[in-house]
Structure formats: C-alpha cells, structure tokens
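*Asks:* If you scroll down you'll find the structure; I have some questions about it.
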Amino acid sequence: MQKLLNDLIEKHREITKQGKVASYIPELEKANSEDLGIYVLDNDGNEYFAGDYNVKFTVQSISKVVALMLAILDNGEEYVFSKVGMDPSGDPFNSFRKLETSSRRKPYNPMINAGAIVVSSMIKGEDAKHKFNRLLEFFKKITEDTSLELNPKVYLSESETGNKNRAMGYYLKAEGIISGNVEDALEVYFKQCSIDVTAKTIAKLGLFLANEGRLSNGEQVVSERVTRIVKTLMVTCGMYDNSGEFAVRVGLPSKSGVGGGIVSVVPHKMGIGIYSPSLDQKGNPIAGISLLEELCSELKCRIF
Ligand code: DON
C-alpha cells in the first residue's frame with residue numbers, strides 16, 4: 001500500500017498542471033499548485049501517507065458535511081430537511097438561480113452554498129461565536145484531532161470577498177428559509193470554511209463516516225442513520241455538478257473543498273484524505289480526483 005501511494009503521487013503530480021488554485025478568495029491563491037498529498041487510515045489501525053500529506057490547508061466545503069451532522073443533532077432530521085432539499089442541483093456550488101425559479105422554494109441540497117448557509121443558520125448557540133465554537137468542538141471530537149483551529153487570515157479573506165454568499169444569505173432570510181440572524185449564519189459559514197486541517201484530519205473524518213458515526217473507542221457520536229444520509233448526499237451532491245461523473249470514475253462517497261481537500265469514505269474499511277489545491281473548472285481538486293480514481297481501481301474499493 002505504501003509503495004502504491006508513493007507511486008500514485010509521483011504519477012499524478014503532473015496532472016496538477018492542468019488546473020489552477022482557487023483565486024476568488026485571495027488567501028487561497030497562496031497555495032502551491034503542484035502540491036499533492038494523501039493520507040489513508042483503515043480500521044485495523046494502519047496509516048499510510050505520501051506526498052504533501054502534512055501541509056495545512058483550509059477545510060472549505062468539506063465543513064458542510066460536519067455542519068450538517070451537527071445541525072441534525074441540534075434540530076432533528078425532519079426540521080433540517082424542511083429547510084433544505086436532498087437532490088442534486090446540477091448547478092455550480094455558488095449558484096442560486098434555482099432558489100427563485102424552482103417551485104420547491106428551498107436550496108436543493110446541503111452541499112451547495114445556499115443549502116450550507118441554511119444549515120449553518122440552524123446550529124444552536126447564543127451568538128455566532130458560540131455556534132462556531134460548538135461546531136469546532138464537534139469537528140475536533142469526530143476527527144479525534146484537538147489541534148484544529150480557525151485560520152484568521154482565510155476567514156477575513158472569505159468574509160471580505162463573500163458577497164455572493166452574503167447575497168444568498170439575505171435572500172434566504174427574505175424568503176423565510178433562514179430564521180434568526182443572517183449575519184450570524186454567514187459568520188459561522190465563513191468561519192467553518194476557514195478551519196485549518198491536513199490530509200490526516202480529513203482521513204479521520206472519512207473513517208468516522210466509514211464507521212457509521214463511531215469513534216475509535218467505539219463511542220457512537222452520530223447515529224448510523226444520520227451518517228447514511230450524509231454519505232448518500234456526498235455521493236449525489238458532494239462534487240457539485242460533477243458528482244455523477246465522479247461517482248462513475250471514483251465510486252466513493254466524497255466531498256471536495258476549494259482549499260484542495262477531498263474526503264472519501266470506504267464503508268466499514270477506510271477513510272481517505274487528499275490534498276490537491278490545483279482545481280478543475282468545477283472547483284474540484286484535479287489531480288486528487290485522478291489519483292483517487294486509480295487508487296480505487298487498484299484497491300477495488302468502489303461501492304458500485
Ligand atoms: O463559499 C465559498 O465560497 C467557500 N468558502 C467554500 C466553497 C467550496 O469549498 C466549494 N467547493 N469546492
């Protein structure tokens with residue numbers, strides 16, 4: 001396995017040249033576009049890693065998976081999905097054109113930004129700071145990584161440039177889909193995206209989902225049912241308007257982030273964390289996807 005990962009990193013690093021690091025948030029542009037790293041954790045306690053597995057990057061949209069679990073724990077499944085749907089939108093992650101045109105009057109799913117901002121608005125707490133701290137503590141617990149913290153520079157950069165997200169938040173508030181303070185919801189959303197992680201943190205999140213919400217000591221933190229919902233939404237919506245092609249090529253529940261991360265879940269077996277900041281046109285890590293495709297083919301671990 002270790003040799004396989006070393007070989008795959010070497011081979012797929014070339015593909016990083018076909019994409020670009022995210023530039024719409026100025027702080028993200030500082031990433032090294034040729035970086036590529038992987039961390040794999042399995043249920044027998046084995047850990048394998050290769051390439052730039054140790055580089056810190058912000059979790060970005062992978063946080064939508066964490067926030068969704070906490071929002072369901074806080075409010076129950078029925079309430080959460082009365083405000084956000086469970087279907088792919090077929091649109092880019094930051095699009096909100098269907099919010100006004102679709103008869104459903106709620107964001108299509110919790111993985112696109114509109115849905116994720118609604119989810120963040122549902123996290124319980126006295127104010128934005130308290131809500132974000134609860135999310136950070138929950139993230140630390142399920143990844144068994146107490147070192148997680150906010151990257152203040154990325155947060156500022158996100159908040160200063162997040163006009164489209166802000167517009168979406170205010171629209172959702174006007175439509176009554178967000179109740180409560182919209183600035184608080186946006187602050188939680190921008191902050192959750194700006195948590196620093198490594199490929200290992202992301203692999204831990206993957207292993208938690210692979211084990212249906214149980215920690216390594218057996219403690220059940222999130223129910224099997226909730227982790228099943230989350231993994232299903234990762235398959236159908238986790239890579240946005242590329243989720244179908246990704247399911248064919250890779251075939252694992254996964255979620256990407258514009259910081260370059262991908263979390264992938266091999267049910268009952270493994271958590272995989274990727275760091276690959278060079279992105280394709282849909283905002284997904286270009287070399288990370290090709291690496292995962294070959295890895296899943298070698299390990300025969302696709303779910304389909
Ligand atoms: O909302 C945004 O623009 C970002 N902070 C997160 C987006 C993201 O990671 C999209 N994923 N590929």
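*Asks:* Just want the answer: with Cβ charges of +1 for Lys and Arg and -1 for Asp and Glu, which residue in Val226, Tyr171, Thr198 is farthest toward the dipole's positive end in the chain?
*Replies:* About the Cα centre, the residue reaching furthest to the positive side is Tyr171.
*Asks:* Over the stretch 155-213, consider all pairs of different Cα atoms and compute the Kirkwood hydrodynamic radius from their mean reciprocal separation; express it in Å, one decimal.
*Replies:* 13.3 Å
*Asks:* Continuing with the same structure: With an 8 Å cut-off on Cα pairs and a minimum separation of 6 or more residues, tell me the relative contact order of the stretch 76-138 in percent.
*Replies:* That works out to 30 percent.
*Asks:* Once the Cα gyration tensor of the stretch 144-186 is diagonalised, what are the square roots of 5 times its eigenvalues, in whole Å and ordered largest first, as equivalent ellipsoid semi-axes?
*Replies:* The answer is 25, 15, 7 Å, longest axis first.
*Asks:* Could you pull out every one of the lysines with an alpha carbon less than 26 Å from that of Lys3, ignoring same-chain neighbours closer than 8 positions?
*Replies:* Excluding near neighbours in sequence, the set is Lys11, Lys17, Lys56, Lys200, Lys204, Lys255, Lys269, Lys300.
*Asks:* Rounded to the nearest 0.05, what FRET efficiency is calculated for Ser179 and Glu219 with R0 set to 25 Å and r the Cβ-Cβ distance?
*Replies:* E(calc), rounded to 0.05, equals 0.20.
*Asks:* Compute the convex hull volume of the Cα atoms of the stretch 1-82, divide it by the residue count, and report the result per residue in Å³ as a whole number.
*Replies:* Working: hull volume 12.9 nm³, N = 82.
Each residue corresponds to 157 Å³ of Cα convex hull volume.
*Asks:* Grab the DSSP H runs of the chain that are 4 residues or longer, score each as -39,500 (n - 2.57), total them, divide by all residues and round the 222 nm result to the nearest 500 deg cm²/dmol.
*Replies:* Mean residue ellipticity at 222 nm (helix-derived): -14000 deg cm²/dmol.
*Asks:* Where in the stretch 245-259 does the amide nitrogen come within less than 19 Å of the point 7 Å from the Cα of Ile303, taken along Cα to Cβ?
*Replies:* 245-257, by backbone N distance to the label point.
*Asks:* As an exercise, use a Förster radius of 45 Å and the Cβ-Cβ distance of Tyr170 and Gln2 to find the FRET efficiency, rounded to the nearest 0.05.
*Replies:* Rounded to the nearest 0.05, the efficiency is 0.35.
*Asks:* May I ask you to work out the translational diffusion coefficient for the stretch 204-302 at 10 °C, viscosity 1.306 mPa s, via Stokes-Einstein with Rh from the Kirkwood sum over Cα pairs, reported in whole µm²/s?
*Replies:* Answer from the Stokes-Einstein relation: 118 µm²/s.
*Asks:* Could I ask something else about it? Grab the alpha carbons of the stretch 107-255, take their convex hull, and tell me the volume per residue in Å³.
*Replies:* Dividing the Cα hull volume of the stretch 107-255 by its residues yields 124 Å³.
*Asks:* By average Cβ neighbour count within 10 Å, what is the ranking of 199-207, 236-244, 103-111, 170-178 from highest down? Don't skip to the end; give the middle numbers.
*Replies:* Details: 199-207: 27.2, 236-244: 22.2, 103-111: 19.2, 170-178: 16.7.
Peptide ranking by packing, descending: 199-207, 236-244, 103-111, 170-178.
*Asks:* Relative to the longest principal axis of the C-alpha atoms of the chain, give the angle of the C-alpha long axis of helix 2-12, reported between 0 and 90° and rounded to the nearest 10°.
*Replies:* 70 degrees
*Asks:* Averaged over all directions, how much area does the convex hull of the C-alpha atoms of the stretch 19-135 cover when projected, in nm²? Walk me through the numbers before you get to the answer.
*Replies:* Values: hull surface 40.8 nm².
Quarter of the Cα hull surface area: 10.2 nm².
*Asks:* At 10 °C and a viscosity of 1.306 mPa s, what translational diffusion coefficient does Stokes-Einstein give for the stretch 40-109, taking Rh as the Kirkwood radius over Cα pairs? Give it in µm²/s as a whole number.
*Replies:* 104 µm²/s
*Asks:* Take each of the peptides 261-271, 18-28, 118-128, average the number of other beta-carbon atoms within 10 Å over its residues, and list them starting from the highest.
*Replies:* Averaged packing, sorted descending, gives the order 261-271, 118-128, 18-28.
*Asks:* On average, how much area does the Cα convex hull of the stretch 198-238 cover when viewed from any direction, in nm²?
*Replies:* 3.0 nm²
*Asks:* What whole-number distance in Å separates the alpha-carbon centres of the stretch 256-304 and the stretch 187-202?
*Replies:* The distance from the Cα centre of the stretch 256-304 to that of the stretch 187-202 comes to 18 Å.
*Asks:* Highest mean first, what order results for 272-284, 87-99 on Cβ atoms within 10 Å?
*Replies:* Values: 272-284: 25.3, 87-99: 17.2.
The packing order, highest mean first, is 272-284, 87-99.
*Asks:* Any chance you could tell me what percent of the C-alpha pair distances in the chain go past 36 Å?
*Replies:* Counting pairs separated by more than 36 Å, the tail of P(r) holds 9 percent.
*Asks:* Between Asn163 and Asn43, what FRET efficiency follows from the Cβ-Cβ distance if R0 is 51 Å, with the result rounded to 0.05? Each step should come with its number before you reach the end.
*Replies:* Working: r = 44 Å, r/R0 = 0.86.
Efficiency, from the Cβ-Cβ distance: 0.70.
Where a number appears in this text, it was derived from the coordinates with a stated rule and is not lab data. Owing to the predicted nature of the structure, the values given are computational and were not obtained by experimental measurement. A quick note on method: Cβ atoms are made from the backbone with ideal geometry, for glycine too, and the neighbour counts reach across all protein chains shown.
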